[in-house]
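Take this structure first; my questions come after.
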Amino acid sequence: MNDYKKELEDLVMIVANEGASDLHISEGRHPTVRVSGTLIPLLKKPILTKEDMMGLLGALVSPENKELFLKQREVDFSYALGDKVRFRGNGYFQQAGISIALRLIPKKIKSIAELNLPPIIESFTQKRQGFFLVVGPVGQGKTTTLAAMIEKINTERAERIITIEDPIEYQYEEKKSTIHQREIRTDTADFKTALTSVFREDVNVILLGEMRDPETISTAVTAAETGHMVFSTLHTNNAAQTIDRIIDSFPSTQQDQIRVQLSTSLTGIFSQRLIPRVSGGQVPAYELLINNSAVSSLIRERRTHEINTVIETGMESGMIDMNRCLADLVRRGEISLENAYLHSLNPKILEKLI
């Protein structure tokens, strides 16, 4: 294998044409794709050698990112094949050698309705100030949901939007809004630096790809308090855990202050999972916490353990309980009972609902 650029193009077009979500290339293995959640090795492709991996890495990343990868042993990057397909990538070392994971980023940004998400989350795109989080494990569609929300604003209002990502994933075509997209290491040093400069850039809406450290979280909360609408993600399981994770990331001397800030700036937390659909493909299950006076009090008073109960009983105010959502999907024949239990954080309650 000598023409690594051509081989890479061949592999990414297989991903695009087969409806795959991911491509995995690793030393000592056949290239592998993930289709509807299932890993499928491409047995017609040869097993990759160390030389192959270095060649493919060189075709995927810039010389600067390649140098960073060899120094730090891992790197995040984006890769585009012209205007055909775009990927988010991560290269890393493991015991058997070099591995690279590529996640396909669809060119078309789907709407909230097309993603089978609840219409109520559109209401958060109409807010002019606050903090909205989409949470869940890796690979559950958080970035896609946020892209749909940003595109809704872009389509309906003239706002100044800045995205800060590592790497840039969805690329937006400006409609009514002005959108500037900044990539970590390419356009700015880090999340906190980019976020701090937002205060001098006359910005209305901020999309923060991920909140990785207390400094970034603190700056994001401050931005939400000072007239910006901030959207971001966290790798947490539900709303209550998300609030605890944010607060616990700070030293104990700062936790009371962040509680107060969060209780006033938070607008909502949307937790989602992508579950195999009985008829094929995937369907989202979700939980929605809407910050109201009761939730705000629980955050301030260190009673986040009661938030699950507030969600379960808050249907009239628009809140959505994950177990009720799972039970509804089972009743409609969208997902299997087994998968509902597998994705429930409290199967005993789910059992009572089905």
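Quick check on my filter: what residues within the range 169-224 are of a type in the set (Phe, Trp, Tyr) and surrounded by 20 or more Cβ atoms within 10 Å (Cβ to Cβ)?
Taking the range 169-224 as the starting set, the residues that turn out to be of a type in the set (Phe, Trp, Tyr) are 170, 172, 191, 199.
Passing the criteria: 170, 191.
Scan the range 7-39 residue by residue and report those that are farther than 18 Å from residue 49 by Cβ and in a strand (DSSP E or B). Before you say what the answer is, go through the steps one by one.
Going through the range 7-39, the residues farther than 18 Å from residue 49 by Cβ turn out to be 9, 12-22, 33-39.
If the condition is that a residue be farther than 18 Å from residue 49 by Cβ and in a strand (DSSP E or B), then 22, 33, 34, 35, 38, 39 are the ones that fit.
On to the next question. What residue, among those in the range 329-354 that are among the basic types (Lys, Arg) and either part of a helix (DSSP H, G or I) or in contact with a helix residue (DSSP H, G or I) (Cβ under 7 Å, 6 or more places away or on another chain) (or both), is modelled with the highest pLDDT? Talk me through it step by step, then tell me what you get.
Of the range 329-354, the ones among the basic types (Lys, Arg) are 331-332, 348, 352.
Of the ones still in play, those that are also either part of a helix (DSSP H, G or I) or in contact with a helix residue (DSSP H, G or I) (Cβ under 7 Å, 6 or more places away or on another chain) (or both) are 331, 348, 352.
Values: 331: 97, 348: 93, 352: 92.
Checked the range 329-354; the qualifying residue modelled with the highest pLDDT is 331.
Can you name the number of the only condition in (1) in contact with a strand residue (DSSP E or B) (Cβ under 9 Å, 6 or more places away or on another chain); (2) surrounded by fewer than 17 Cβ atoms within 10 Å (Cβ to Cβ); (3) under 24 Å from residue 239 (Cβ atoms); (4) not basic (Lys, Arg) that residue 119 fails?
Unmet condition: (1).
Further question: Would it be correct to say that residue 130 is surrounded by fewer than 21 Cβ atoms within 10 Å (Cβ to Cβ), assigned by TED's automatic domain parsing to the domain that holds residue 225 and among the small types (Gly, Ala, Ser)? So that I can check it myself, show each step before the final result.
Details: surrounded by fewer than 21 Cβ atoms within 10 Å (Cβ to Cβ): yes; assigned by TED's automatic domain parsing to the domain that holds residue 225: yes; among the small types (Gly, Ala, Ser): yes.
Taking the combined requirement at face value, the residue satisfies it.
Within the range 314-326, identify whether any single residue is touching a strand residue (DSSP E or B) at 6+ places or on another chain (Cβ under 8 Å), among the hydroxyl-bearing types (Ser, Thr, Tyr) and more than 14 Å from residue 239 (Cα to Cα), and answer yes or no.
Of the range 314-326, the ones touching a strand residue (DSSP E or B) at 6+ places or on another chain (Cβ under 8 Å) are 314, 317-322, 325-326.
Then drop every residue that is not among the hydroxyl-bearing types (Ser, Thr, Tyr), which leaves 317.
Narrowing further to those that are more than 14 Å from residue 239 (Cα to Cα): 317.
Checked the range 314-326: at least one residue is touching a strand residue (DSSP E or B) at 6+ places or on another chain (Cβ under 8 Å), among the hydroxyl-bearing types (Ser, Thr, Tyr) and more than 14 Å from residue 239 (Cα to Cα).
What are the residues in the range 310-328 that are within 21 Å of residue 275 (Cα to Cα) and not in a helix (DSSP H, G or I), if any?
319, 320, 321
Still on this model: Which one of 153, 168 is within 18 Å of residue 227 (Cα to Cα) and under 19 Å from the mean Cα position of the chain (by Cα)? Before the answer, list the steps.
Values: 168 fails: within 18 Å of residue 227 (Cα to Cα).
Exactly one residue qualifies, and that residue is 153.
Within the range 245-280, which residues are surrounded by fewer than 16 Cβ atoms within 10 Å (Cβ to Cβ), within 24 Å of residue 138 (Cβ to Cβ) and of a type in the set (D, E, K, R)?
Hit for the range 245-280 is 248, nothing else.
From (1) under 15 Å from the mean Cα position of the chain (by Cα); (2) at pLDDT 95 or above; (3) within 28 Å of residue 326 (Cα to Cα); (4) among the β-branched types (Val, Ile, Thr), pick out the condition that doesn't hold for residue 163.
It fails just one condition, (3).
Can I ask one more? If you take the residues of the range 45-67 that are in contact with an Asp or Glu (Cβ under 9 Å, 6 or more places away or on another chain) and surrounded by 14 or more Cβ atoms within 10 Å (Cβ to Cβ), which of them is farthest from residue 182 (Cα to Cα)?
Among those residues, the one meeting the criterion is 45.
Something else: Kindly indicate whether any position in the range 326-335 is outside the structural domain of residue 19 (by TED's automatic domain parsing), surrounded by fewer than 18 Cβ atoms within 10 Å (Cβ to Cβ), free of Cβ contacts under 8 Å to residues at least 60 places away in the same chain and on the phi > 0 side of the Ramachandran plot.
yes
Suppose we filter the range 136-160 for residues that are touching a Phe, Trp or Tyr at 6+ places or on another chain (Cβ under 9 Å), over 21 Å from residue 78 (Cα atoms) and either hydrophobic (A, V, I, L, M, F, W, C) or surrounded by fewer than 22 Cβ atoms within 10 Å (Cβ to Cβ) (or both); how many remain?
Counting residues in the range 136-160 that are touching a Phe, Trp or Tyr at 6+ places or on another chain (Cβ under 9 Å), over 21 Å from residue 78 (Cα atoms) and either hydrophobic (A, V, I, L, M, F, W, C) or surrounded by fewer than 22 Cβ atoms within 10 Å (Cβ to Cβ) (or both) gives 1.
The values are calculated or read from the model by the stated rules, or taken from the named source; none is laboratory data. All values reported here derive from a predicted model rather than from experimental measurement. Neighbour counts are summed over all protein chains in view; Cβ atoms, including those assigned to glycine, are modelled from backbone coordinates with ideal geometry.
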